[in-house]
Amino acid sequence: MEHPITQSAGAAKSLSSQPAKEAPHTGDEVSKDTRRRVITASFIGNFVEWFDYAVYGYLAGIISTVFFPEADRQTALLATFGVFAISFFVRPLGGFFWGHIGDRLGRRKALSLSIVIMSVATFCIALIPGYGTIGLLAPVLLLLVRVVQGFSASGEYAGASAFLVEYAPAHRRGLYAAVVPASTAAGLLLGSLLAALLTSVLSESQLHDWGWRLPFLLAAPMGLIGRYIRTKLEDTPAFRALAQEDHGTKKPARDMFRNNRRQLIIATGAVLLNAVGFYVILSYMPTYLSEELGFGAGESFLATTIALASYIGFIFLTGIASDKFGRKRMLITASVLFMLLTVPAFMLLNTGNFLVIVLVQILLGGMLTLNDGTLPSFLAELFPTKTRYSGFAVSFNLSNALFGGTAPFMATLLIGLTHNNLAPGWYLVAASLVSLIAVLFAVETSKKPLQQH
């Protein structure tokens, strides 16, 4: 049986000499019902992924005592976040793998397979015995499962973004792609709510014995639902058109490095603010409030939950704004605001006033949406269809592996080294500067048709 990329090769000869242009079958011709199913399918995978990250981050204090009980509190936290960070180091490798599958065999096939592996790995976290039962094998198994989870999850964000952009109407690609960061925030929000619920209704001994495991058990049914929805969809119009014209690639990574090196460098730098900002503001913050500033777990989760709810609302407004004003302008604005306001915002967190802390988190989350609501469409539009999945996945996961997954670890380490609670804020400022420089070298992509070849 012929590979889908090589089918209709004879019919494509007459088209191969034509200049590259947007696919003859675009998202503008897709029915509303299909678009709804595409949005649902794209939403659920990222939701499951970041739900897991949220629970792990929000319950890090408890998880650290279960798997690293013999270490002092800060060392145990560093070890817990270290496991979190190490699992990200396989993500660039996963980016190449899932990018290859997505660009050669189709976006749908990659997304359908990755969600199963990711959900099973997340579910397995709940089954690992603690250090008190199996000793050093407990943190080793935790690390192994998180590495598998990180590998499988590395294609989700890129694949869902490419899927939505290629299905979206040309003038609404920013809005459709904003579904991806909205789904990540929704996963974090549910994780925050469950963590707050568990810490309020269970005793400390119950949380340590079995309560922390409950959220991870939800991954399996959610993953199965996501896979079922994805298998019922066709691949994107842009990918199918590319396959029919025989313009696909058998070696996406090779073509990406040969033809899209400049885009790859720009994309990797542009992702840095998202990588650091997302995990510091939306994942690490409850730990920062409770461990560094002395707030109760309930107050910390409540503040983050309010910020996440506002983030989801802001993210769609940003997607609309990026369609109207352009991706580049939105990304530059986000970087500049973070460079100017992050450190003052962290100073206000140190006031100890709960209302001020909530308002500061809403402000930081709103600033982050200017970047996060724009980035998925920007990265997807930056690369041509035949290497879009690979270019997005490699750049996004490389930046997240080096700076995103390590952000909670670095924040904790910097505070320990400097004895300054503002250290995470300065770390965010540095990330913003790098992203600003990268975006300044980019071209505006919002008004252009998607590149094919």
Check: Once phi is turned into θ = phi - 60°, what whole-Hz ³J(HN,Hα) does the Karplus curve with 6.51, -1.76 and 1.60 give for every residue of the stretch 115-122, x standing for Gly and Pro?
Finding: 5, 5, 4, 4, 5, 5, 4, 4
Next item on the list: Any chance you could list the semi-axes, whole Å, largest first, of the equivalent ellipsoid that the Cα gyration tensor gives for the stretch 119-255, using √(5λ)?
Entry: 38, 20, 12
Next item on the list: For the stretch 393-441, would you read off the P(r) tail past 14 Å as a percentage of all alpha carbon pairs?
Entry: 58 percent
Notebook entry, point to check: So what are the radius of gyration and Dmax for the Cα set of the stretch 360-453, in Å?
Noted result: 16.1, 52
Notebook entry, point to check: Roughly how many debye, to the nearest 20, is the charge dipole of the stretch 38-153 about its Cα centre, given +1 on each Lys and Arg Cβ, -1 on each Asp and Glu Cβ, and no other charges?
Noted result: 440 debye
Next item on the list: Hey, can you find the accessible area per residue of the chain for me, probe 1.4 Å, expressed in square angstrom?
Entry: 37 Å²
Margin query: As a test of the definition: which semi-axes, in Å, follow for the stretch 282-340 when you take the square root of five times each eigenvalue of its alpha carbon gyration tensor? Largest first, please.
Written below: 30, 14, 6
Next item on the list: Apply the Kirkwood formula to the stretch 53-92: the hydrodynamic radius equals the inverse of the mean of 1/r over all pairs of different alpha-carbon atoms; give it in Å with one decimal.
Entry: 10.3 Å
Notebook entry, point to check: Within the set LYS232/LYS328; LYS324/LYS386; LYS251/LYS328; LYS251/LYS324, which residue pairs have Cα atoms separated by over 32 Å?
Noted result: LYS232/LYS328; LYS251/LYS324
Item checked: the stretch 66-132 - Rg (one decimal) and Dmax (whole number), Cα, Å -> 16.3, 49
Check: How compact and how long is the stretch 168-239, expressed as Rg and Dmax of its alpha-carbon atoms in Å?
Finding: 17.8, 54
Item checked: Distance from the stretch 108-149 to the stretch 291-324 (C-alpha centre basis), Å -> 28 Å
Checklist line | ILE320 versus LEU224: modelled label distance in nm, points set 7 Å from Cα along the beta carbon direction | finding: 3.9 nm
Checklist line | Linear extension gain, SER31 paired with THR133, 0.36 nm per residue minus alpha-carbon span | finding: 31.3 nm
Next item on the list: Can you find, among THR236, ILE266, LEU194, the residue farthest towards the positive end of the dipole of the chain? Put +1 on the C-beta of Lys and Arg, -1 on that of Asp and Glu.
Entry: THR236
Notebook entry, point to check: With charges only on Cβ, +1 for K and R and -1 for D and E, what is the dipole size of the chain about its Cα centre, in debye, rounded to 20?
Noted result: 1560 debye
Check: Hey, what D do you get for the stretch 373-418 in µm²/s if you plug the Kirkwood alpha-carbon radius into Stokes-Einstein at 4 °C and 1.567 mPa s?
Finding: 106 µm²/s
Margin query: Roughly how far apart, in whole Å, are the Cα centres of the stretch 411-453 and the stretch 365-409?
Written below: 11 Å
Margin query: For the stretch 66-98 and the stretch 194-239, what is the centre-to-centre distance using only Cα atoms, to the nearest Å?
Written below: 20 Å
Next item on the list: Would you work out what percent of the accessible area of the chain, with all protein chains in place, is carbon or sulfur (probe 1.4 Å)?
Entry: 68 percent
Notebook entry, point to check: What are the extents of the Cα atoms of the stretch 184-304 along their three principal axes, listed from largest to smallest and rounded to whole Å?
Noted result: 61, 35, 21
Next item on the list: In whole Hz, with x marking every Gly and Pro, tabulate ³J(HN,Hα) for the stretch 166-173 from phi via Karplus 6.51 cos²θ - 1.76 cosθ + 1.60, θ = phi - 60°.
Entry: 6, 9, 6, x, 4, 8, 10, 5
Next item on the list: Report, in debye and to the nearest 20, how large the dipole of the stretch 298-433 comes out about its Cα centre when Lys and Arg carry +1 and Asp and Glu carry -1 on their Cβ.
Entry: 440 debye
Notebook entry, point to check: Modelled label-to-label distance, ILE265 and ILE437, 7 Å Cα→beta-carbon offset: nm?
Noted result: 1.1 nm
Margin query: Quick check: convex hull over the Cα atoms of the stretch 205-254, volume per residue in Å³, rounded to an integer?
Written below: 128 Å³
Note to self: From the mean inverse distance of alpha carbon pairs (Kirkwood) and the Cα radius of gyration, derive Rg over Rh for the chain.
What the structure shows: 0.98
Check: When the chain is fully extended, how far beyond the present Cα-Cα distance does THR75 get from LYS251, taking 0.36 nm per residue of separation?
Finding: 59.0 nm
Item checked: Relative intensity, log₁₀ I(q)/I(0), of the stretch 33-108 from a Debye sum that treats every alpha carbon as a point, q = 0.18, 0.22 Å⁻¹ -> -0.85, -1.01
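The values are calculated or read from the model by the stated rules, or taken from the named source; none is laboratory data. What you see is a predicted model; the values in this text were computed from it and never measured. Neighbour counts run over all protein chains shown; Cβ positions are idealised from the backbone, glycine included. Side chains are part of the model used for accessible areas, which takes the heavy atoms of the whole protein and leaves out ligands, DNA and RNA. Shrake-Rupley method; radii C 1.70, N 1.55, O 1.52, S 1.80 Å.
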